[in-house]
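A quick write-up on the structure given underneath.
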Amino acid sequence: MEKKLIIAGFGGQGIIMAGTMLAHSGMLEKKKVTLVPSYGPEIRGGTANCTVILKDSEIYSQIITHPDILIAMNQPSMDKFECQVVMGGMIIYNASLCSPAKRRKDVQYHGIHATEMAGKLGDIRVANSVILGALIGQTHLVKSRTFIDKTLPEILTGKKASLIELNRKAFLAGMNGEG
């Protein structure tokens, strides 16, 4: 198994955190992983994306030009990366903030109203956990129990520990397509 992902959106949407949590879950399951963050010059409000590779064997390059999966959290990210997804790939997008301009026939699209769902839970900052729930629910790249029981408590520490339960709810809402 090898999956190459690009996660992209505005700075402040938790793009890098989403990549970190996905990569951490993969490591906990003994997968080989890479995580490469990329920030725009403004950081909050600017563009941010990261690439994640999950593989059962050695990874020889961390460079991704054509991902298997794109997570687009905003329209500029959809516009920039949609055409790069491999034939037969998947695009999971935040339908609260973006939509595909032209739907390609050779990829699967999954729109989820991540920002709306996070808002209903009380904090739009957990839209990244909603979209990760949708990703894992669709692909089973990592086990949901690994994410909920191990990754969240290991990544969200200190002051962020108070957000574990909210992120758990957001993840499950995205995984179940609630909202």
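The values are calculated or read from the model by the stated rules, or taken from the named source; none is laboratory data. Note that the structure is predicted; figures quoted are calculated from it, not measured. Every residue, glycine among them, receives a Cβ derived from its backbone with ideal geometry; neighbour counts consider all protein chains shown.
Working carefully through the options 1, 21, 17, find the one that is over 20 Å from residue 118 (Cβ atoms), of a type outside the set (D, E, K, R) and either crowded, with 17+ Cβ neighbours inside 10 Å or over 17 Å from the mean Cα position of the chain (by Cα) (or both). Every option except 1 fails the conditions.
For the residues 106, 68, the requirement of being among the charged types (D, E, K, R) and surrounded by fewer than 17 Cβ atoms within 10 Å (Cβ to Cβ) singles out 106. Name the residues in region 1-30 that are of a type in the set (Asp, Glu) and farther than 21 Å from residue 91 by Cβ, would you? Answer for region 1-30, where residues must be of a type in the set (Asp, Glu) and farther than 21 Å from residue 91 by Cβ: just 29.
Could you identify the single residue in 69, 43, 64 that is closer than 13 Å to residue 2 by Cβ and modelled with pLDDT under 95?
Values: 69 fails: modelled with pLDDT under 95; 43 fails: closer than 13 Å to residue 2 by Cβ.
Only one candidate qualifies: 64.
When residue 66 is tested against (1) farther than 18 Å from residue 14 by Cα; (2) free of Cβ contacts under 8 Å to residues at least 24 places away in the same chain; (3) touching a strand residue (DSSP E or B) at 6+ places or on another chain (Cβ under 8 Å); (4) not aliphatic (A, V, I, L, M), only condition (2) is not met.
Contact map, region 89-109: residues that are without any contact (Cβ under 8 Å) to a residue 24 or more places away in the chain and closer than 17 Å to residue 76 by Cα paired with residues that are of a type in the set (D, E, K, R) and part of a loop (DSSP other than H, G, I, E, B), Cβ distance under 8 Å, separation 6+ or inter-chain. Pairs shown: 109/103.
When you scan region 160-168, do you find a residue that is among the basic types (Lys, Arg), free of Cβ contacts under 8 Å to residues at least 24 places away in the same chain and closer than 23 Å to residue 37 by Cα, even just one? For region 160-168, residues among the basic types (Lys, Arg), free of Cβ contacts under 8 Å to residues at least 24 places away in the same chain and closer than 23 Å to residue 37 by Cα: present. For region 125-159, name all the residues that are more than 24 Å from residue 90 (Cβ to Cβ) and free of Cβ contacts under 8 Å to residues at least 40 places away in the same chain. Passing the criteria: 149, 153, 156, 157, 158, 159.
Restricting region 71-91 to residues that are polar (S, T, N, Q) and in contact with a strand residue (DSSP E or B) (Cβ under 7 Å, 6 or more places away or on another chain) leaves a set whose member that is surrounded by the most Cβ atoms within 10 Å (Cβ to Cβ) is 77. Scanning region 96-118 for residues that are over 12 Å from residue 128 (Cα atoms) and assigned to a strand (DSSP E or B) gives 108, 109, 110, 111. Got a number for residues in region 124-163 being over 22 Å from residue 9 (Cα atoms), of a type outside the set (Ser, Thr, Tyr) and assigned to a helix (DSSP H, G or I)? Residues in region 124-163 being over 22 Å from residue 9 (Cα atoms), of a type outside the set (Ser, Thr, Tyr) and assigned to a helix (DSSP H, G or I): 9 in total. Identify all residues within region 156-176 that are surrounded by fewer than 20 Cβ atoms within 10 Å (Cβ to Cβ) and within 15 Å of the chain's Cα centre (by Cα); write none if there are none. Result: 168, 172.
In a residue-by-residue description of region 122-140, the property of being touching an Asp or Glu at 6+ places or on another chain (Cβ under 6 Å), more than 24 Å from residue 31 (Cβ to Cβ), surrounded by 14 or more Cβ atoms within 10 Å (Cβ to Cβ) and small (Gly, Ala, Ser) applies to no position.
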